[in-house]
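One structure is given below, encoded as structure tokens.
No lab work stands behind these numbers, since they all come straight from the coordinates. What you are looking at is a predicted structure, and each value in this text was computed from that prediction instead of being measured. Note that we place each Cβ from the backbone using ideal geometry, even for glycine, and neighbour counts take in every protein chain shown.
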Amino acid sequence: MISARLDALYAIDRDTGAAMRIVLPVLERELNDASALAVLIDLLALVAAEAPDAARALAERLDTLPAALADPVILRQWALHGLQRHCDNAGARRHFFETHDPLVFADNVADDDSRHLLARREGLQHYLAGFGLATRVVDLHEPHAVGVSPPAVSITDDAIRFPRRCASAQRDELYRAAAAHAAAHLLHSPLARLAGSRRPMLLATIALIEDARVERLMLQDFPGLHSLWGGFHTATRESAGFEFSGLAARLARALHDPAVTDSNAWVLKGRALFEAAAADDLHQVTAFEAIGRQLAIDIEKMRLPLPLHYRPQPPYRDDNTLLWNMNAALPVDDNASAPKEDYEFRPRDELPPDLLPVDVDTRRRTRYPEWDHYLEAMREHWATVIESGPAATHVGERRMAQHAARRVKVRGLDRTPDRSIRLNRLAEGDELDLSAAVDCAVQQRARLPPDGRIFRRHGRRHRATAVVLLMDLSVSTGRFVPGSFTTVMEIEKRAARLVAQSLDSSRDRIAVHGFASSGRHEVHYQRIKDFDEPFGAAPQARLAALEAGLSTRMGAALRHATEALAGQEADHKVILILTDGEPSDIDVVEVDYLVEDARHAVTCAAGRGMRTFCLTLDRQADSYVRRIFGARNYLIADHADAFTGHTGQALVRLVAH
Amino acid sequence: MDPLLHPYLIDHEPYYRAAGNEVALFSAAFARGLPMILKGPTGCGKTRFIEYMAWRLQRPLITMACNEDMTASDLVGRYLLDAQGTVWHDGPLTVAVRHGAICYLDEIVEARQDTTVVIHPLTDDRRMLPLDKRGEVVRAHPDFRLVVSYNPGYQSVAKDMKPSTRQRFGAIAFDFPPAGTETEVVVHESGIAPERAARLVKIAEQSRALRGRGLDEGISTRMLVHAGSLMAEGIAPHDACALAMTTPLTDDADLLTALDGFVEAQFGPRP
């Protein structure tokens with residue numbers, strides 16, 4: 001098992017394989033477990049497929065990470081985080097794998113807290129929107145080492161970042177308190193002032209006073225926040241002590257709640273100065289800055305140092321970096337900031353012949369998560385689906401489509417049962433239509449010619465179906481089907497043509513899409529025929545021109561098809577996938593990963609009311625199609641001739657369902 | 001005035017707090033006989049306004065709530081049977097046209113577009129209503145006025161007025177009044193203290209910022225009045241807000257937590 005995996009790793013990157021072989025004896029001693037070692041090599045292969053240099057760096061230091069090796073889940077979370085965080089910067093990525101400590105993910109509490117926050121992110125986002133801050137994204141800090149105290153909330157131009165480990169048991173209250181405090185700053189604080197030569201202690205005291213000032217202002221509009229914030233002000237003489245951070249917490253509490261008594265002279269002085277200034281005008285920023293200056297001088301007279309990792313207390317308060325612009329003192333480097341002007345825009349036909357036009361990549365990119373069954377978690381934004389430019393729609397083609405030389409038909413499709421409705425005002429029927437009968441009697445009495453249509457009966461209305469036919473275009477579809485002279489691609493095309501032509505275009509909507517992937521960053525997706533397009537000459541030409549190539553990342557393609565289908569109005573929605581083998585991709589070596597991911601995509605589609613059905617030509621498909629699509633949602637065609645027929649049958653079954 | 005219309009007169013002055021010059025505008029249009037559209041979000045006071053104007057101008061008000069199943073004969077009338085034979089029964093629109101009243105069609109876009117076409121001959125200079133089943137043309141009474149209302153917030157292509165219908169009307173756009181005015185309304189209607197009413201209004205303002213983020217409409221003045229009356233009866237603010245404002249507004253859990261957060265920002269954490 002181990003040697004086979006090592007060979008696979010060798011095949012992906014020689015150097016990583018070699019480095020692994022060197023540390024292997026140490027690891028075997030450490031791990032003492034063949035399956036754990038196999039998981040580890042799989043992980044290396046995963047990294048190597050995307051970033052060989054990073055994998056090499058990781059392999060070389062594996063023997064120095066005994067604690068991290070003990071739990072493969074932590075190592076995997078860490079490696080995936082590094083790959084995703086630095087996916088566009090190879091240098092930073094290698095540095096991450098050379099030096100970063102995987103044990104930052106060993107913190108179970110932080111892990112639980114981050115999941116908790118991410119689950120409530122949407123609600124917090126709405127909460128911020130209520131304060132007019134809809135553009136700030138709620139996000140997490142980078143993971144931090146276990147021993148160090150977690151960073152405070154920080155507010156940047158586009159995001160509000162929360163620590164991964166929550167400092168209070170009342171997590172939801174803390175998140176709301178932090179969001180409301182951030183809103184107070186953004187609504188009332190002067191932002192990014194020049195820090196100049198202010199000392200760190202001075203910055204800390206000015207920020208402390210500023211926190212109290214903006215909260216006071218905020219309370220004028222939102223008085224309920226007082227007790228929300230008050231729940232976290234717990235500093236007392238006994239609990240907080242006489243160091244600077246303790247005194248600062250006590251002053252923060254004294255400023256928050258006038259009823260709290262405190263005996264410390266510094267705290268009392270701070271409160272007296274603050275209340276005097278607040279009684280005057282809360283908007284007078286300079287007056288409050290003077291208070292902060294006074295307090296800083298007093299603290300320094302007491303010879304109390306600013307602690308190394310000072311965090312404003314209570315924990316809902318942010319690190320106040322948004323108040324200051326620390327970098328403005330640096331001299332402006334004209335060379336660095338001068339915009340480069342050596343390009344210009346010209347129409348393509350006016351181009352001098354010696355210049356090559358640079359094309360802008362206008363293809364639409366959409367990022368989707370993938371399901372990691374080993375971690376039992378989504379890998380956010382993992383796969384990128386690239387869609388070629390939108391297919392032009394030609395209105396005139398509808399007529400041409402109707403005159404198509406030979407129309408194929410699926411038997412039974414026109415006999416599918418429909419939803420029942422009531423047909424009123426009929427000349428004959430099963431029962432009386434009472435209101436029509438009354439009208440008729442009225443007309444008779446009024447000596448008008450009566451309208452005899454006074455019956456009604458149950459009728460049927462055809463349900464509308466929207467189908468996405470998803471074609472696997474991977475390289476294996478270019479092969480010949482065993483025992484025949486046609487390629488898989490030919491058979492898929494035949495089946496697609498049948499489905500596209502046989503559905504009633506006035507009622508049902510069908511789209512024919514295809515996919516092929518080349519690693520997670522390039523899942524190519526092609527709209528051969530879209531919903532609003534008749535199956536005319538252009539789509540038929542596109543279908544005929546399809547060629548086999550690349551691999552099968554089924555999950556990402558299914559998610560993209562789900563999105564396409566979600567925008568359609570139909571009574572029921574179906575994804576019909578035509579394939580010839582199990583999901584695979586060049587950057588994935590693990591056996592089950594893509595199968596489990598595809599299964600997750602199918603489950604998600606089912607959750608949104610879409611049925612997924614698979615037709616495959618792989619005779620050995622039993623093992624995985626059942627896992628992906630469920631027991632009743634697949635059909636295995638044994639030989640090529642039957643495939644088209646099977647497709648028709650499947651379609652009838654799906655539409656009738 | 002025809003005694004038939006007496007039940008439609010409004011006896012007591014309905015409370016209406018003007019937020020702008022809508023009273024003057026409406027009175028001028030009314031004097032000219034111009035049919036009017038009142039549009040605005042739900043619960044902002046459109047219906048209350050027309051009641052107030054009917055009382056102020058001393059005209060009977062015939063209200064009709066429109067729905068999708070409404071037919072033209074629901075508006076103009078139909079033949080019914082009695083012991084002697086058939087008898088014609090005027091619909092609400094015909095009553096208003098014949099005897100001179102204000103006909104108020106609430107939520108007009110809910111009715112199918114072809115139904116509302118019957119008002120076309122009434123709303124141009126012909127001012128008449130043909131009753132084809134009866135073979136009669138009713139000339140509009142000089143006091144007849146037509147007022148319709150709808151909510152532009154959740155309109156779709158299927159629910160909109162035909163341009164040919166729209167262009168016959170003058171229109172006044174309503175919105176939620178400014179905070180001070182809205183507080184005044186809540187205080188008057190529910191009887192709670194102005195300070196508490198102001199807090200309710202703040203919650204509503206925050207919720208209106210979520211429009212388009214999953215909420216079709218924010219908390220309306222009507223909801224505030226309901227919550228205020230519950231609080232005036234001694235219900236705790238959190239319960240009153242949950243019952244009358246946040247819970248009815250949405251089923252989305254994320255939106256509900258945000259809305260509860262807004263309540264908390266006014267009344268503190270739930271004890």
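Within 14 Å, Cβ to Cβ, of A:Gly607, how many net charges do the neighbouring residues add up to if Lys/Arg are +1 and Asp/Glu are -1? It would help to have the intermediate numbers written out before the result.
On the way: positive: A:Arg559, A:Lys573, A:Arg599, A:Arg608, A:Arg611; negative: A:Glu563.
Net of charged neighbours comes to +4.
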The set of residues whose placed amide H lies less than 5 Å from the amide H of A:Cys614, leaving out same-chain residues fewer than 5 positions away, is A:Ile577, A:Tyr634, A:Leu635
Per-residue average of other protein chain Cβ atoms inside 10 Å, peptide A:221-230 -> 6
Residue by residue through region A:201-206, the couplings from Karplus 6.51 cos²θ - 1.76 cosθ + 1.60 with θ = phi - 60°, in Hz, x for Gly and Pro, are 5, 5, 4, 5, 6, 4
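Pairs B:Lys46/B:Lys202; A:Lys573/B:Lys39; B:Lys39/B:Lys202; A:Lys493/A:Lys573: which exceed 30 Å Cα-Cα? Intermediate values should be presented prior to the final figure.
Details: B:Lys46/B:Lys202 22 Å; A:Lys573/B:Lys39 37 Å; B:Lys39/B:Lys202 24 Å; A:Lys493/A:Lys573 22 Å.
The pairs that break the limit, which is 30 Å between Cα atoms, are A:Lys573/B:Lys39.
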Straight-line reach check, B:Lys133, cutoff 19 Å on alpha carbons, 8 or more apart in-chain or any other chain, hits among aspartates and glutamates -> A:Asp439, A:Asp451, B:Asp74, B:Asp82, B:Asp90, B:Asp114
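How do B:200-213, B:224-237, A:424-437 rank on mean C-beta neighbours within 10 Å, highest first?
Numbers: B:200-213: 21.5, B:224-237: 19.6, A:424-437: 13.5.
So the peptides B:200-213, B:224-237, A:424-437, ranked by packing, come out B:200-213, B:224-237, A:424-437.
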Highest mean packing first, using Cβ neighbours within 10 angstrom, the peptides A:616-623, A:100-107 sort as A:100-107, A:616-623
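Please state, as a whole number in µm²/s, the translational diffusion coefficient that the Stokes-Einstein equation yields for region A:438-592 at 10 °C and 1.306 mPa s, with Rh defined as the Kirkwood radius across alpha carbon pairs.
Details: Rh = 18.3 Å.
Estimated diffusion coefficient is 87 µm²/s.
How large is the charge dipole for the protein assembly as shown, taken about the Cα centre, if only the Cβ atoms of Lys, Arg (+1) and Asp, Glu (-1) carry charge, to the nearest 20 debye?
Working: 109 positive and 126 negative charges, 538 e Å.
In total the dipole reaches around 2580 debye.
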For the protein assembly as shown, one quarter of the surface area of the C-alpha convex hull, expressed in nm², comes to 55.4
Averaged over the residues of B:202-208, the number of partner chain Cβ atoms within 10 Å of each residue's own Cβ comes to 3
If unit charges are put on Cβ atoms (+1 for Lys and Arg, -1 for Asp and Glu) and the dipole of region A:2-105 is taken about its Cα centre, the option from A:Val73, A:Leu44, A:His86 lying farthest towards the positive end turns out to be A:His86
Expressed in angstrom and rounded, the centroid-to-centroid distance over alpha carbons for region A:248-288 and region A:31-66 is 56
Check: C-alpha center region A:622-657 vs C-alpha center region A:139-175, spacing in Å is 49
Sorted by chain and then number, the residues having a modelled amide H within less than 5 Å of the amide H of B:Trp88, at least 5 places away or on another chain, are B:Leu80
At the level of C-alpha centres, the distance separating region A:504-576 and region A:589-616, in angstrom, is 16
CD proxy, 222 nm, chain A: helix-only mean residue ellipticity via -39,500 (n - 2.57) per DSSP H run with n ≥ 4, per residue, nearest 500, stands at -14000 deg cm²/dmol
In degrees, nearest 10, the alpha-carbon axis of helix A:488-502 is tilted away from the dominant principal axis of the alpha carbons of chain A by 80
Two pseudo-spin positions, 7 Å from Cα along C-beta at A:His381 and at A:Val148, lie apart in nanometres by 2.3
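I'd like the antiparallel share, as a percent to the nearest 5, of DSSP beta bridges with both residues in the protein assembly as shown.
Values: 37 of 89 bridges.
Antiparallel: roughly 40 percent of the beta bridges in the protein assembly as shown.
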Under the 7 Å Cα-to-Cβ spin-label approximation, B:Leu80 and A:Leu217 lie apart by a distance in nanometres of 6.6
With +1 at each Lys and Arg Cβ and -1 at each Asp and Glu Cβ, the charge dipole magnitude of chain B around its Cα centre, to the nearest 20 debye, comes out at 860
With x for Gly and Pro, the residue-by-residue ³J(HN,Hα) of region B:239-250, computed from phi through the Karplus equation 6.51 cos²θ - 1.76 cosθ + 1.60 at θ = phi - 60° and given in whole Hz, is 5, 4, 5, 5, 5, 9, 10, 6, 5, x, 5, 8
With Cα coordinates, the longest principal axis of chain A makes an angle with the long axis of helix A:2-12, in degrees rounded to 10, of 90
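Set the Förster radius R0 to 25 Å, insert the Cβ-Cβ distance between A:Ser168 and A:Arg199 as r into 1/(1 + (r/R0)^6), and round the FRET efficiency to 0.05. Before the final figure, lay out the partial values.
On the way: r = 30 Å, r/R0 = 1.22.
For R0 = 25 Å, the calculated efficiency reads 0.25.
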Sequence order, region B:183-190: Karplus ³J(HN,Hα) from phi using 6.51 cos²θ - 1.76 cosθ + 1.60, θ = phi - 60°, Hz rounded, Gly and Pro as x, gives 4, 4, 4, 5, 4, 5, 6, 9
When chain B is treated as a Gaussian network with springs between alpha carbons less than 10 Å apart, the largest mean-square fluctuation among B:Val138, B:Val186, B:Val109 is found at B:Val138
Checked against the positive end of the charge dipole of chain B (+1 on Cβ of Lys and Arg, -1 on Cβ of Asp and Glu, about the Cα centre), the farthest of B:Ala72, B:Ala29, B:Gly214 is B:Ala29
Per residue of A:300-312, other chain Cβ atoms within 10 Å number on average 0
The farthest towards the positive end of the charge dipole of chain A, of the residues A:Gly459, A:Pro539, A:Thr156, given +1 on Cβ of Lys and Arg and -1 on Cβ of Asp and Glu, is A:Gly459
Quick calc: nm separation of the 7 Å Cα→Cβ label points for A:Arg422 and A:Met326 -> 7.3
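Could you sort the peptides A:187-196, A:549-558, B:175-184 by per-residue average Cβ neighbour count (10 Å cutoff), highest mean leading? Please report the intermediate quantities before stating the final value.
On the way: A:187-196: 14.4, A:549-558: 25.5, B:175-184: 17.2.
Highest mean packing first, the order is A:549-558, B:175-184, A:187-196.
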